There are 2 protein chains.
Amino acid sequence: MDKTPQTPRTTLKRLPQRGSYDRELIDRILDEGFICHVGFAVDSRPFVIPTGYARVGDSLFIHGSQASRMLRTLGQGIDVCVTVTLIDGLVLARSAFHHSMNYRSVVVFGNARMVDDPDEKLAALRALSEHMIPGRWDDVREPDERELQLTTVLSLPLGEASAKVRTGPPLDDEADYELPVWAGVIPLRLVAGAPMDDPRLPADSEAPNYAVEYARPASKR
Amino acid sequence: MDKTPQTPRTTLKRLPQRGSYDRELIDRILDEGFICHVGFAVDSRPFVIPTGYARVGDSLFIHGSQASRMLRTLGQGIDVCVTVTLIDGLVLARSAFHHSMNYRSVVVFGNARMVDDPDEKLAALRALSEHMIPGRWDDVREPDERELQLTTVLSLPLGEASAKVRTGPPLDDEADYELPVWAGVIPLRLVAGAPMDDPRLPADSEAPNYAVEYARPASKR
C-alpha cells in the first residue's frame with residue numbers, strides 16, 4: 001500500500017499542499033518520533049494523553065498499565081486520534097504574520113483493538129522497546145507472566161492516516177523583502193546527553209553503546 | 001491562585017503521586033514548552049492538532065488562520081483539552097517492564113473564547129511571538145488590519161489544569177538489582193542549531209542574538 005485513502009477527516013482544508021497520504025513519508029515520521037498524543041472523547045469531552053508508541057507494518061502499538069483509564073476506554077474500540085509531531089525549526093519572517101514553524105506531523109484516525117494473544121503481546125512489547133531504544137531488549141529481563149497480565153497493549157491500524165510537513169525558509173510578502181530585518185530558520189532537534197548511571201549500579205559499570213550514542217533515526221527531510 | 005481545583009477530569013487514577021495542581025509548576029512547564037496538542041470532538045470523533053501557544057497570566061492563547069477548521073470549531077466554545085509535553089529522558093531499568101520516561105506534562109480542560117477585541121488580539125499575538133522567540137516582535141513588521149482580520153486568536157482559561165511529572169532513575173524490582181544490566185537515564189532535550197539565513201537576505205546580514213543563542217527557558221527540575 002503506497003497511499004492511505006484520503007477521507008473527509010484526513011483531508012486538509014488549510015494549506016493542502018502541506019498534506020500527504022504517502023505511506024513512506026508517514027512511516028518515516030512515525031519511525032523517527034517516539035511520543036504520540038492520543039485523543040479520545042468520553043461523553044463528548046475530549047482527552048489528550050501523551051504516550052510512547054511503535055509502528056510495526058500497518059499498525060501502531062501503544063501500551064501501558066492494565067489500570068490505565070485511557071487504555072481501558074480505548075480498548076472498547078471507541079474512535080481515537082493519534083498525533084505525532086516532530087519540530088524541526090522556528091521560521092522567522094520579516095513580518096510577524098508570516099512567522100511559522102518547520103515540522104513534520106502525522107495524524108491517525110481509527111479504532112484500537114486490545115492485543116490479547118500472549119505471543120502477539122510480547123512481540124509488541126519488544127517492538128515498543130526496540131523502537132524507543134534499539135538494542136535494549138536483549139539486555140534486560142523480559143516480562144514474566146504477571147507483568148504481561150499487568151500490561152495492556154493496543155493496536156491501531158494505519159488505514160486512515162495523513163502527514164503534514166513544512167520545510168524551508170520563511171515566505172514573506174514581496175514588499176517586506178526590502179525590510180532590514182534578519183530572516184531565516186532556527187533549526188531545532190531533540191538530542192541525547194551523556195547517560196546517567198543509576199545510583200545503585202556497581203562502580204565499574206559502563207553504559208552500553210546504544211545509550212552512549214543514542215539518537216533518533218535521522219530522517220530525510 | 002496557588003492551586004488549580006482538582007476535578008474528576010484532572011484527578012489522576014494511575015500513579016497519583018506524579019500528579020500536581022501546583023500553579024507554579026504548571027506555569028513553569030507551560031512557559032518552557034511552545035507546542036501544545038489541542039484535542040476536541042466533533043460528533044464524538046476526536047481530533048488532535050499540534051499548534052503553538054503562549055501563557056499570559058491565567059490564560060493560554062492559541063492562534064491561527066481565520067480559515068482554520070479547528071479554531072472555528074473551538075471558537076464556538078466546545079470542550080477542549082490542551083496538552084503540553086516536555087520529554088526529559090529515557091529511563092532504562094533492568095527489566096523491560098520498568099522502563100519508563102522522564103517527562104513533564106500539563107493537561108488543561110476548558111472552553112475557549114474567541115478574542116475579538118483588536119487591542120487584546122494584538123497583545124495576544126505579541127505574547128505568542130515573545131513566548132516563542134523573546135525579542136523578535138520589536139524587530140519585525142507588526143500585523144496590519146487585514147492580517148489581524150485573517151488571524152483567529154483563542155483564549156483558554158487555566159482553571160482546570162494539572163501537571164504530571166516523572167524524574168529520577170529507574171525503579172526496579174528489588175531482586176532485579178542483582179542483574180548485571182546497565183541501568184540509568186538517557187537525558188533528552190530540544191536544542192537549537194545555528195540560525196540558517198533566508199536565501200534572499202543581503203550578503204552581510206547577521207542573525208540577531210536571540211536567534212544565535214536561542215534556547216528554551218531552563219526549568220528547575
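Filter segment A:207-217 down to residues that are without any contact (Cβ under 8 Å) to a residue 24 or more places away in the chain and either surrounded by fewer than 11 Cβ atoms within 10 Å (Cβ to Cβ) or more than 7 Å from every other protein chain (Cβ to nearest Cβ) (or both), then give me how many there are.
Here the count works out to 2.
Can you give me the number of residues within segment B:177-205 that are more than 7 Å from every other protein chain (Cβ to nearest Cβ) and either surrounded by 10 or more Cβ atoms within 10 Å (Cβ to Cβ) or among the polar types (S, T, N, Q) (or both)?
1
Quick check on segment A:99-107. Is at least one of its residues assigned to a helix (DSSP H, G or I) and either modelled with pLDDT under 95 or of a type outside the set (Lys, Arg) (or both)?
no
Give me the pairs: first residue in segment A:129-147 and closer than 13 Å to residue B:97 by Cβ, second residue assigned to a loop (DSSP other than H, G, I, E, B) and of a type in the set (A, V, I, L, M, F, W, C), beta-carbon distance under 6 Å, and six or more apart or on different chains, which are they?
Pairs found: A:140/B:181.
Kindly indicate whether any position in segment B:157-165 is under 17 Å from residue B:86 (Cα atoms), touching a residue at least 12 places away in the same chain (Cβ under 8 Å), part of a loop (DSSP other than H, G, I, E, B) and among the polar types (S, T, N, Q).
Checked segment B:157-165: no residue is under 17 Å from residue B:86 (Cα atoms), touching a residue at least 12 places away in the same chain (Cβ under 8 Å), part of a loop (DSSP other than H, G, I, E, B) and among the polar types (S, T, N, Q).
Do any strands (runs of 3 or more DSSP E) lying entirely in segment A:7-96 carry at least 3 residues that are crowded, with 23+ Cβ neighbours inside 10 Å, and which ones are they?
The strands (runs of 3 or more DSSP E) meeting that bar are A:35-42, A:45-52, A:59-65, A:79-92.
Confirm whether residue B:58 is charged (D, E, K, R) and under 17 Å from the mean Cα position of the chain (by Cα).
Criteria met by residue B:58.
Counting only residues that are touching a helix residue (DSSP H, G or I) at 6+ places or on another chain (Cβ under 7 Å) and charged (D, E, K, R), which one in segment A:93-135 is nearest to the other protein chains (Cβ to nearest Cβ)?
A:94
Taking residue A:93, is it closer than 30 Å to residue A:180 by Cβ and hydrophobic (A, V, I, L, M, F, W, C)?
The answer is yes for residue A:93.
Within the group A:134, A:169, A:143, A:199, which residue is at pLDDT 95 or above, under 17 Å from the mean Cα position of the chain (by Cα) and part of a loop (DSSP other than H, G, I, E, B)?
Of the residues listed, the single one that is at pLDDT 95 or above, under 17 Å from the mean Cα position of the chain (by Cα) and part of a loop (DSSP other than H, G, I, E, B) is A:134.
Could you tell me whether residue A:107 is within 24 Å of residue A:77 (Cα to Cα), under 16 Å from the mean Cα position of the chain (by Cα), buried (at least 19 other Cβ atoms within 10 Å of the Cβ) and of a type in the set (Val, Ile, Thr)?
Yes.
Can you name every residue in segment B:52-85 that is free of Cβ contacts under 8 Å to residues at least 60 places away in the same chain and under 21 Å from residue A:39 (Cβ atoms)?
Result: B:69, B:70, B:73, B:76, B:77, B:78, B:79, B:81, B:83, B:84, B:85.
Would you point out the residue of segment B:83-92, among those that are more than 7 Å from chain A (Cβ to nearest Cβ) and of a type in the set (A, V, I, L, M), that is farthest from residue A:144 (Cα to Cα)?
B:84
Looking at residue B:173, is it more than 8 Å from chain A (Cβ to nearest Cβ) and either on the phi > 0 side of the Ramachandran plot or without any contact (Cβ under 8 Å) to a residue 40 or more places away in the chain (or both)?
For residue B:173, the condition - more than 8 Å from chain A (Cβ to nearest Cβ) and either on the phi > 0 side of the Ramachandran plot or without any contact (Cβ under 8 Å) to a residue 40 or more places away in the chain (or both) - is not met.
Output the number of the condition that residue B:149 fails; it satisfies all remaining conditions of (1) in a loop (DSSP other than H, G, I, E, B); (2) under 27 Å from the mean Cα position of the chain (by Cα).
Among (1) in a loop (DSSP other than H, G, I, E, B); (2) under 27 Å from the mean Cα position of the chain (by Cα), residue B:149 violates only (1).
Applying the selection to segment B:114-143, what residues are under 25 Å from residue A:87 (Cβ atoms) and surrounded by fewer than 15 Cβ atoms within 10 Å (Cβ to Cβ)?
Those that are under 25 Å from residue A:87 (Cβ atoms) and surrounded by fewer than 15 Cβ atoms within 10 Å (Cβ to Cβ): B:134, B:135, B:138.
Out of B:109, B:34, B:47, I need the residue that is touching an Asp or Glu at 6+ places or on another chain (Cβ under 6 Å) and among the hydrophobic types (A, V, I, L, M, F, W, C). Which one?
B:109 is the lone residue from the list that is touching an Asp or Glu at 6+ places or on another chain (Cβ under 6 Å) and among the hydrophobic types (A, V, I, L, M, F, W, C).
Across segment B:44-66, what is the number of residues that are over 16 Å from residue A:83 (Cβ atoms), facing another protein chain (nearest Cβ under 9 Å) and out of contact with any helix residue (DSSP H, G or I) (no Cβ under 9 Å at 6 or more places or on another chain)?
1
The values are calculated or read from the model by the stated rules, or taken from the named source; none is laboratory data. Values in this document were obtained by computation on a predicted structure and should not be read as measured data. Every residue, glycine among them, receives a Cβ derived from its backbone with ideal geometry; neighbour counts consider all protein chains shown.
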